[in-house]
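Visitor: I am attaching a structure below and will ask some questions about it afterwards.
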Amino acid sequence: MGKQLFRYSEDNKAKFLESDNITFNDGSVVTPEEIWDYLTVEGPVKYPGTYEINLSQGNRDSRDETLPTSLKTHYLSLTFSARMEKAKKNGKTIAFIQGGQAVDPYTAADTIALRPFLVGQWYHGREHGNDIYKSVLRRKQSKETAFHDMSFEACQTGGYEHVQVGDLPIDVVAPYTVLRCSDVSYGVEAHRHGPNKDVKLINVDFPMRHQADKPWAIEYFARNLKKLVKTLDEARGKKTTEDDLWRAIRLHNEGRRLGTELADLWWSTDIPPTNSDDRNSLVALANLDMHGDVQASLSVLKEAKKIIAERVKNGVKGHAVTDNPKRLFILGSCVGINESRSEDAGAIVVGKDDQWSHCTSLVEEEGDPYYNLAKATLEYPYEQSIEKRAQWTIEQIRKSRADGVIFIHNWGCNTQAAVSRPIVDFIKRETGIPTYIHERDLHGLRDEQEQNRVNAFIEML
Amino acid sequence: MSIQTLEIIRKRLEERPEELRQARKNGHKVVGWTGYNVPEEIVHALGFIPVRIALGGDDRLVEVGARYASSKTCVFIREIVGAFSENKDPYIQQTDILAFDATCLQNYRAAEVIEYFFKKDVVVLAVPRNFAEDDAKTYFVHEANEFTRLLEERAGRLLDNATLGESVALYNDIRKTLKSIYTFQAARDNVISWEEVYDLIQAGDLLDKKEYLSLLQQTLAELTELQHNPVIEADCDSRIFISGSLIPRGDRKLISIINLAGGRIVGDDLWSGILPHLDLDIKEISPAGVALGYLNRTPHAALPYLDLESDRRLKKLHELLSQSRAHGVIYHTLRYCDPFTFKAKETKNVLAKSGIPLLEIHTEYAGSDYEAMKTRVEAFIEMIRIKSELVEEEAA
């Protein structure tokens with residue numbers, strides 16, 4: 001049986017061409033016409049896998065063809081690898097970071113900050129013509145090499161497989177460490193024995209335990225941020241000023257505000273204005289790091305907010321969303337459930353704590369920028385004590401009117417797995433909402449078993 | 001050969017839980033601590049009875065702990081959580097307050113989980129990842145002061161420097177005596193085994209500190225009488241050094257396998273062994289001074305260090321290997337113990353440059369892998385024996 005392939009319908013082209021341009025960091029602009037051409041001509045040749053209709057992979061990108069920003073996030077994903085190559089050629093500094101952290105200091109230092117997923121996207125996007133099967137196999141092979149050099153129990157390998165084993169020209173491995181994931185700090189350390197001696201390493205030390213209440217902890221983290229900026233400056237050969245940092249903070253605050261407003265709009269109506277995938281891909285823009293270009297993310301986010309407001313006003317229901325879906329809130333590691341298959345089972349994902357918690361922490365725009373940034377970072381709700389984190393999550397659950405909660409963690413993600421039980425216990429006790437803990441296999445070898453459990457939970461709801 | 005004081009220590013350990021129960025009846029408070037950088041002297045100087053929470057080897061408790069802290073947490077932490085759940089361990093039963101540190105993030109998570117589910121009063125000492133940097137030390141000093149303040153609140157009194165000085169002196173004497181005793185276990189005449197010294201070190205986690213020092217001094221006197229001048233040399237061809245994840249009381253699986261396979265253990269750098277007692281230099285009698293003394297020791301593997309060449313943990317490993325005249329390293333990693341599993345291959349490669357073979361044994365507390373471990377350990381010991389013989393032949 002041949003593969004089912006997806007193509008954008010010409011019926012939606014005219015409407016799409018009326019939508020906004022995307023503006024990039026370097027001031028360049030891409031028009032809707034150019035995007036359409038890419039998505040219908042170049043994209044299917046380079047990345048046929050992303051045009052396969054394969055629900056097991058959760059590949060549902062851009063099925064809502066009437067949502068222009070959905071096509072645009074697809075475009076940004078497909079062009080990601082080529083854009084990174086171009087940026088590197090133009091002398092841009094590129095840093096490996098952690099998921100779930102803001103990137104204001106990296107933006108200030110004119111550095112592209114890539115979380116683990118994006119580093120992988122860059123690497124794997126270099127090879128063209130792969131179907132889903134080949135793409136997955138390639139990802140597994142490179143990950144396996146990192147496991148061999150570190151630990152087969154690692155969930156997160158700190159980009160080792162691409163920076164050391166591969167040849168990705170990352171300049172600095174510089175994540176906030178201990179934030180949410182201990183594997184990342186071990187991953188950073190592992191680079192010290194890799195063959196790539198050129199990559200700079202720095203742990204931006206995010207301390208644990210009630211740190212937001214301690215002035216000395218905020219000062220310590222602020223000093224770490226200064227060291228980070230100094231390291232990035234060394235890598236790019238230019239000095240970052242406080243004004244640069246203020247500009248970056250204001251820019252990212254704008255992204256965080258827009259993302260919050262977008263999420264509030266989405267939650268304000270009983271009729272979900274998008275499906276789960278689209279919601280997720282739009283809210284994820286709020287950190288502005290998602291596509292390796294803060295301005296591009298911001299321009300799509302601005303447009304998305306307008307469109308969602310319009311949809312909410314007109315009572316438009318998102319593509320392929322069932323009537324009265326069961327609303328799921330997802331907690332835990334940097335992964336999620338298969339959203340499209342869960343929708344087919346009668347649910348919709350209305351929120352996640354990961355990639356959201358840090359977007360809700362605005363940075364004060366007066367005073368010492370490093371101190372303010374450090375304070376906002378140490379206040380991330382996701383990083384607080386069990387009770388505090390659970391209490392914040394309950395607020396999100398109530399705002400999003402979720403019917404059920406799934407705490408999902410990757411195999412090997414002991415930092416999140418360890419607190420999964422108490423957090424869902426607290427939420428269940430306080431809200432009475434059903435919860436369950438879901439362990440996800442990073443390598444997709446248990447898709448069916450995992451979906452069975454999710455579907456059973458949805459059925460129970 | 002039998003060291004009489006060791007018998008006394010075993011007996012005193014049997015009596016210790018009841019002693020703690022009586023002490024608590026009389027108004028004393030017991031602080032159960034776990035971690036690598038908990039400055040025990042501060043706990044002691046505030047009049048608490050410090051007891052180290054370190055137990056292992058019980059896969060049933062590991063399963064119980066997994067219900068609260070997930071099956072993806074390291075087996076040691078799961079067993080601790082399981083033990084708090086059941087509350088049958090005689091030492092855990094006697095704890096009034098817990099003092100955990102965040103050197104290992106899983107240890108920190110255990111503190112959170114125990115606090116949440118079992119309503120224990122937990123004081124946590126945060127530990128910086130960038131431990132070697134001045135900024136991190138400044139931060140840690142604040143944390144140590146905060147840790148002290150939280151304990152003072154619970155003690156109902158302030159810490160005074162004179163008492164702290166007495167505690168530091170007592171602990172320094174303990175460390176010094178342990179170090180002297182440790183030399184004997186690796187010596188040619190083998191008047192005391194590594195296993196006996198290891199048990200002796202762990203007895204100090206539980207016994208009254210003054211009494212413990214006195215027992216150590218008696219042990220040292222006995223040893224000195226038996227062997228005036230211990231000489232460490234490669235007397236047999238299977239001298240094994242143990243490194244990696246901790247081996248707490250209750251867990252002797254790997255140790256017994258090495259013994260059965262004919263290996264002689266002559267040294268370790270385990271968190272549960274001699275390592276925490278080495279190189280602890282307290283320069284100032286204050287909470288900050290004590291805490292910095294701890295932080296400046298050989299670092300724990302949970303704290304990342306980004307330059308391989310100047311890594312003090314690896315330097316210390318080399319130093320101890322050289323002192324003990326070990327032929328090979330058995331590197332013990334517990335399931336999901338990230339600090340050590342992440343470094344296994346790197347450590348193997350580093351030691352290979354010095355011609356020292358390393359065998360990683362990755363295990364948990366279940367008995368199901370016993371035979372597989374035994375086969376691997378036997379093969380490793382056979383391999384280093386053959387290697388030693390070849391070296392001897394070549395020398396001849």
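The values are calculated or read from the model by the stated rules, or taken from the named source; none is laboratory data. The structure presented is a predicted model; accordingly, all values stated were derived computationally and were not measured. A quick note on method: Cβ atoms are made from the backbone with ideal geometry, for glycine too, and the neighbour counts reach across all protein chains shown.
Visitor: Would you point out which residue out of A:L201, A:L225, A:L232 is more than 25 Å from A:Q416 (Cβ to Cβ) and either buried (at least 22 other Cβ atoms within 10 Å of the Cβ) or out of contact with any Cys (no Cβ under 6 Å at 6 or more places or on another chain) (or both)?
Guide: Going through A:L201, A:L225, A:L232 in turn, the sole match is A:L232.
Visitor: Would you mind stating whether B:I77 is in a helix (DSSP H, G or I), within 13 Å of another protein chain (Cβ to nearest Cβ) and within 18 Å of B:T341 (Cβ to Cβ)?
Guide: Spelling it out, B:I77 is indeed in a helix (DSSP H, G or I), within 13 Å of another protein chain (Cβ to nearest Cβ) and within 18 Å of B:T341 (Cβ to Cβ).
Visitor: Taking the conditions exactly as written (within 14 Å of chain A (Cβ to nearest Cβ), basic (K, R) and surrounded by fewer than 16 Cβ atoms within 10 Å (Cβ to Cβ)), does B:R149 satisfy them or not?
Guide: Yes, satisfied.
Visitor: Could you list all residues from the range A:136-160 that are of a type in the set (S, T, Y) and either more than 10 Å from every other protein chain (Cβ to nearest Cβ) or closer than 17 Å to A:I97 by Cα (or both)?
Guide: A:S142, A:T145, A:T157, A:Y160
Visitor: OK, next. With respect to B:S71, determine if the residue is within 12 Å of chain A (Cβ to nearest Cβ), part of a loop (DSSP other than H, G, I, E, B) and on the phi < 0 side of the Ramachandran plot.
Guide: yes
Visitor: Filter the range B:14-42 down to the residues that are part of a helix (DSSP H, G or I) and either touching a Phe, Trp or Tyr at 6+ places or on another chain (Cβ under 6 Å) or small (G, A, S) (or both) and list them by number.
Guide: B:A23, B:E41
Visitor: Could you please find all residues in the range A:395-442 being of a type in the set (V, I, T) and either more than 29 Å from A:N324 (Cα to Cα) or within 14 Å of chain B (Cβ to nearest Cβ) (or both)?
Guide: Correct list: A:I408, A:T415, A:V419, A:I423, A:V424, A:I427, A:I437.
Visitor: Mind checking which residues of the range A:221-236 are under 18 Å from B:D135 (Cβ atoms) and in contact with an Asp or Glu (Cβ under 6 Å, 6 or more places away or on another chain)?
Guide: Residues satisfying the conditions are A:R223, A:N224.
Visitor: Same structure, new question: Just need a number here: residues in the range B:343-364 that are within 13 Å of chain A (Cβ to nearest Cβ), part of a strand (DSSP E or B) and free of Cβ contacts under 8 Å to residues at least 60 places away in the same chain.
Guide: Result for the range B:343-364: 1.
Visitor: Something else: So, of the residues in the range B:129-140 that are over 20 Å from B:L98 (Cα atoms) and of a type outside the set (D, E, K, R), which turns out to be farthest from the other protein chains (Cβ to nearest Cβ)?
Guide: B:A132
Visitor: Let me ask something else. With respect to A:A95, is the statement that it is of a type outside the set (D, E), surrounded by fewer than 17 Cβ atoms within 10 Å (Cβ to Cβ), modelled with pLDDT of 95 or more and touching a helix residue (DSSP H, G or I) at 6+ places or on another chain (Cβ under 9 Å) true?
Guide: no
Visitor: Count, please, the residues in the range B:312-342 that happen to be in a loop (DSSP other than H, G, I, E, B) and basic (K, R).
Guide: Selection size over the range B:312-342: 2.
Visitor: Oh, and also: Could you please give the count of residues in the range A:161-177 that are within 12 Å of another protein chain (Cβ to nearest Cβ) and part of a loop (DSSP other than H, G, I, E, B)?
Guide: Qualifying residue count, the range A:161-177: 2.
Visitor: Now for a different question. Which residue is nearest to A:P169 (Cα to Cα), if the candidates are limited to the range A:239-269 and must be out of contact with any Asp or Glu (no Cβ under 7 Å at 6 or more places or on another chain) and basic (K, R)?
Guide: For the range A:239-269, the residue satisfying everything is A:R247.
Visitor: Are any residues in the range B:282-306 aliphatic (A, V, I, L, M), in contact (Cβ under 8 Å) with a residue 12 or more places away in the chain, part of a loop (DSSP other than H, G, I, E, B) and within 14 Å of chain A (Cβ to nearest Cβ), and if so, which ones?
Guide: Within the range B:282-306, B:A301, B:A302, B:L303 meet the criteria.
Visitor: Which residue pairs have Cβ atoms under 9 Å apart, sit 6 or more places apart or on different chains, and have a first residue in the range A:122-135 that is outside any helix (DSSP H, G or I) and a second that is of a type in the set (D, E, K, R)?
Guide: Pairs that qualify, where the first residue is outside any helix (DSSP H, G or I) and the partner is of a type in the set (D, E, K, R), are A:R126/A:E85; A:E127/A:K134; A:E127/A:R138; A:H128/A:K46; A:G129/A:K46; A:N130/A:R138; A:D131/A:K3; A:D131/A:E52.
Visitor: So for the range B:183-191 (the condition being at pLDDT 95 or above and hydroxyl-bearing (S, T, Y)), does at least one residue qualify?
Guide: There is no residue in the range B:183-191 that is at pLDDT 95 or above and hydroxyl-bearing (S, T, Y).
Visitor: While we're looking at this one, here's another question. Being more than 14 Å from chain A (Cβ to nearest Cβ) and part of a helix (DSSP H, G or I): is that true of B:L164 here?
Guide: yes
Visitor: Let me ask you something else. With B:E211, B:E309, B:E225 as the choices, which residue is surrounded by fewer than 19 Cβ atoms within 10 Å (Cβ to Cβ), free of Cβ contacts under 8 Å to residues at least 40 places away in the same chain and not in a loop (DSSP other than H, G, I, E, B)?
Guide: Exactly one of B:E211, B:E309, B:E225 is surrounded by fewer than 19 Cβ atoms within 10 Å (Cβ to Cβ), free of Cβ contacts under 8 Å to residues at least 40 places away in the same chain and not in a loop (DSSP other than H, G, I, E, B), namely B:E225.
Visitor: Let me ask another. Which pairs turn up if I take residues in the range B:43-66 that are part of a loop (DSSP other than H, G, I, E, B) and look for partners that are of a type in the set (D, E) with beta carbon separation below 7 Å, at least 6 apart in sequence or on another chain?
Guide: Matching pairs, first to second residue: B:L46/B:E152; B:A54/B:D205; B:G56/B:E79; B:G56/B:D251; B:G57/B:D251; B:D58/B:E79.
Visitor: For the range A:71-105, which positions are farther than 25 Å from A:A304 by Cα and hydroxyl-bearing (S, T, Y)?
Guide: Residue satisfying the conditions is A:T93 alone.
Visitor: Step by step: first the residues of the range A:178-216, then only those that are more than 7 Å from chain B (Cβ to nearest Cβ) and among the hydrophobic types (A, V, I, L, M, F, W, C), then the one that is farthest from A:F147 (Cα to Cα). Which residue is that?
Guide: The selected residue is A:A212.
Per-residue answers, yes or no, for (1) surrounded by 19 or more Cβ atoms within 10 Å (Cβ to Cβ); (2) in contact with a Leu (Cβ under 8 Å, 6 or more places away or on another chain); (3) of a type in the set (G, A, S):
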| site | (1), (2), (3) |
| --- | --- |
| B:L351 | yes, yes, no |
| B:L358 | yes, yes, no |
| B:T363 | yes, yes, no |
| B:A366 | no, no, yes |
| B:E371 | no, no, no |
| B:I381 | yes, no, no |
| B:I384 | yes, no, no |
| B:L390 | no, no, no |
| B:E394 | no, no, no |
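Visitor: Give me a count of the residues in the range B:105-126 that are more than 8 Å from every other protein chain (Cβ to nearest Cβ) and part of a loop (DSSP other than H, G, I, E, B).
Guide: 3
Visitor: Out of the range A:219-241, which residues are touching a helix residue (DSSP H, G or I) at 6+ places or on another chain (Cβ under 9 Å) and more than 19 Å from B:Y108 (Cβ to Cβ)?
Guide: Listed by number, the residues that qualify are A:E219, A:A222, A:R223, A:L225, A:K226, A:K227, A:L228, A:V229, A:L232, A:K239, A:T240, A:T241.
Rundown of residues vs (1) within 23 Å of B:D173 (Cβ to Cβ); (2) under 17 Å from the mean Cα position of the chain (by Cα); (3) of a type in the set (D, E), yes/no style:
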site: B:D251; (1), (2), (3): no, yes, yes
site: B:N259; (1), (2), (3): no, no, no
site: B:R264; (1), (2), (3): no, no, no
site: B:L270; (1), (2), (3): yes, yes, no
site: B:Y294; (1), (2), (3): yes, yes, no
site: B:R312; (1), (2), (3): no, no, no
site: B:K345; (1), (2), (3): no, no, no
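Visitor: Considering only the range B:279-296, state which residues are in contact with a helix residue (DSSP H, G or I) (Cβ under 7 Å, 6 or more places away or on another chain) and under 16 Å from B:Y182 (Cβ atoms).
Guide: Within the range B:279-296, just B:L280 meets the criteria.
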